[in-house]
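Following: one structure in structure tokens, then a few remarks.
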Amino acid sequence: MAYYLGIDGGGSKTTCAVGDEYSLLATVTAGPSNITRVGESRAREALQLVIREACATAQIDPRQVQRACIGVAGAGREEVASTIRKVVAEIIPGEIEVVGDMQIALAAAFGTGPGVIVTAGTGSIAYARNARGETARTGGWGFAISDEGSAHWIGRTAVSALLRQIDETKAGAERSGDHQAIAEALPLFREMKAAWDFHSLDEFVRVANSNPDFATLLPAILAAANAGDLISQRVLAQAGRELAQLAAIVVRQLFAENSDTVALAMAGGVFRHSARVREMFRSEVGAIDRRLEVNPEIVDPVDGALQMARTPDRDAKG
């Protein structure tokens with residue numbers, strides 16, 4: 001019996017799927033393994049843990065894995081790909097392929113066929129392939145300068161919008177009290193306070209300026225939006241618009257204006273957990289290009305990684 005393994009290595013979590021030629025035997029999730037964000041040591045810990053646990057759940061030994069496909073951000077850089085390959089090879093002796101996370105997401109959505117995938121997790125990217133096999137990507141240049149609409153972008157943008165709201169409230173009211181009192185009156189501040197475990201506005205500002213993981217604020221922002229907070233709602237709506245623009249760019253690059261319907265799929269935790277982002281995204285892409293047909297289901301990229309592990313003869317370069 002041949003066994004195969006696929007991994008989706010992200011900035012917030014790592015998912016591993018183990019299967020034979022026809023069946024999925026186990027799926028396990030561990031911590032983040034994006035080397036750029038968490039470093040080699042934490043990436044090694046997450047990758048090896050998730051492989052061992054997935055294989056144990058599938059009741060096989062990692063040495064029985066014939067082929068593995070690992071999708072990670074930054075795989076186009078040889079130093080990233082070689083490090084990931086080395087880490088996985090320490091416990092899997094079989095063939096190991098390291099590809100971009102957008103490639104496994106595209107495979108999960110469309111196999112080897114044409115389509116557009118927009119991923120919004122900790123980071124964001126759009127990736128597409130047309131009927132001629134040509135590919136294009138946009139976004140995904142890193143959280144400090146890109147990743148529009150991602151969980152990191154949403155968190156950072158919401159913090160900025162919250163502080164602006166506090167300033168405007170202070171300036172617009174004769175007896176509005178101090179900044180702390182104003183902040184405590186805002187649902188988004190209270191949700192962020194619980195998420196980041198700070199006690200004052202000054203402490204919040206210090207944390208926000210210390211290069212934190214803004215993506216961890218996503219649940220707080222979603223909770224505030226669901227409670228009626230307008231700041232959160234506006235930020236999530238803007239995230240949907242930003243992601244739609246990413247899709248539009250790759251469509252213009254690959255699909256002629258007179259082409260038929262273009263299939264579009266979504267992947268990542270932002271889409272999965274925020275109906276507001278999904279709805280704005282679908283509305284915006286429909287307004288931008290009527291050819292775009294959005295699959296309402298959220299794609300799981302690890303399915304594509306396992307599929308690519310099973311089919312070594314296909315062109316995985318993208």
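The values are calculated or read from the model by the stated rules, or taken from the named source; none is laboratory data. In this text, all values refer to a predicted model and were calculated from it rather than measured experimentally. Cβ sites come from the backbone with ideal geometry, for glycine too, and all protein chains shown count toward neighbours.
Values for this structure:
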{"read-out": "Residue within segment 231-246 that is crowded, with 17+ Cβ neighbours inside 10 Å and farther than 30 Å from Ile166 by Cβ present", "value": "yes"}
{"read-out": "Some residue of segment 226-244 being hydrophobic (A, V, I, L, M, F, W, C), touching a helix residue (DSSP H, G or I) at 6+ places or on another chain (Cβ under 8 Å) and either outside any helix (DSSP H, G or I) or free of Cβ contacts under 8 Å to residues at least 40 places away in the same chain (or both)", "value": "yes"}
{"read-out": "Residue in segment 167-188 that is in contact (Cβ under 8 Å) with a residue 24 or more places away in the chain and out of contact with any Asp or Glu (no Cβ under 9 Å at 6 or more places or on another chain) present", "value": "no"}
{"read-out": "Whichever residue in segment 7-24 is outside any strand (DSSP E or B) and under 16 Å from the mean Cα position of the chain (by Cα) and, among such residues, is surrounded by the most Cβ atoms within 10 Å (Cβ to Cβ)", "value": "Gly10"}
{"read-out": "Search result, residues across segment 203-224 that are touching a residue at least 12 places away in the same chain (Cβ under 8 Å) and either touching a Lys or Arg at 6+ places or on another chain (Cβ under 6 Å) or not hydrophobic (A, V, I, L, M, F, W, C) (or both)", "value": "Pro212, Asp213, Phe214, Thr216, Pro219"}
{"read-out": "Where a residue in segment 15-32 is among the basic types (Lys, Arg) and its partner, wherever it lies, is at pLDDT 95 or above and surrounded by 19 or more Cβ atoms within 10 Å (Cβ to Cβ), with Cβ under 8 Å and at least six apart", "value": "none"}
{"read-out": "Hey, Ala215 among the aliphatic types (A, V, I, L, M), within 25 Å of Gly140 (Cβ to Cβ) and out of contact with any strand residue (DSSP E or B) (no Cβ under 8 Å at 6 or more places or on another chain) or not", "value": "yes"}
{"read-out": "Which numbered condition Phe189 misses (of (1) farther than 26 Å from Met280 by Cβ; (2) among the hydrophobic types (A, V, I, L, M, F, W, C); (3) buried (at least 18 other Cβ atoms within 10 Å of the Cβ))", "value": "(1)"}
{"read-out": "Long-range neighbours under 7 Å by Cβ, at least six apart or interchain, first residue in a loop (DSSP other than H, G, I, E, B) within segment 59-84, second acidic (Asp, Glu)", "value": "Ala73/Asp101"}
{"read-out": "Cross-chain or 6+ apart pairs with Cβ under 7 Å, segment 127-149 first and touching a residue at least 60 places away in the same chain (Cβ under 8 Å) and of a type in the set (Val, Ile, Thr), then part of a loop (DSSP other than H, G, I, E, B) and surrounded by fewer than 22 Cβ atoms within 10 Å (Cβ to Cβ)", "value": "Thr135/Gly318"}
{"read-out": "Qualifying positions in segment 85-101 - β-branched (Val, Ile, Thr) and outside any loop (DSSP other than H, G, I, E, B)", "value": "Val87, Val88, Ile96, Val98, Val99"}
{"read-out": "Residue count, segment 233-268 (criterion: within 12 Å of Gly115 (Cβ to Cβ) and hydroxyl-bearing (Ser, Thr, Tyr))", "value": "1"}
{"read-out": "Counted residues, segment 252-275 - those being at pLDDT 95 or above and loosely packed, with under 14 Cβ neighbours inside 10 Å", "value": "1"}
{"read-out": "Count of residues meeting criterion [within 22 Å of Gly149 (Cβ to Cβ) and among the acidic types (Asp, Glu)] in segment 185-216", "value": "2"}
{"read-out": "Single residue of Arg37, Arg42, Arg52, Arg67 found to be within 30 Å of Gly142 (Cα to Cα), surrounded by fewer than 16 Cβ atoms within 10 Å (Cβ to Cβ) and of a type in the set (Lys, Arg)", "value": "Arg42"}
{"read-out": "Residue in segment 291-306 that is at pLDDT below 95 and in contact with an Asp or Glu (Cβ under 9 Å, 6 or more places away or on another chain) present", "value": "yes"}
{"read-out": "Selected residue (criterion: nearest to the chain's Cα centre (by Cα)) from residues of segment 110-130 that are of a type outside the set (Val, Ile, Thr) and buried (at least 24 other Cβ atoms within 10 Å of the Cβ)", "value": "Gly121"}
{"read-out": "Residue match in segment 144-155 (condition: at pLDDT 95 or above, within 30 Å of Ala208 (Cα to Cα) and charged (D, E, K, R))", "value": "yes"}
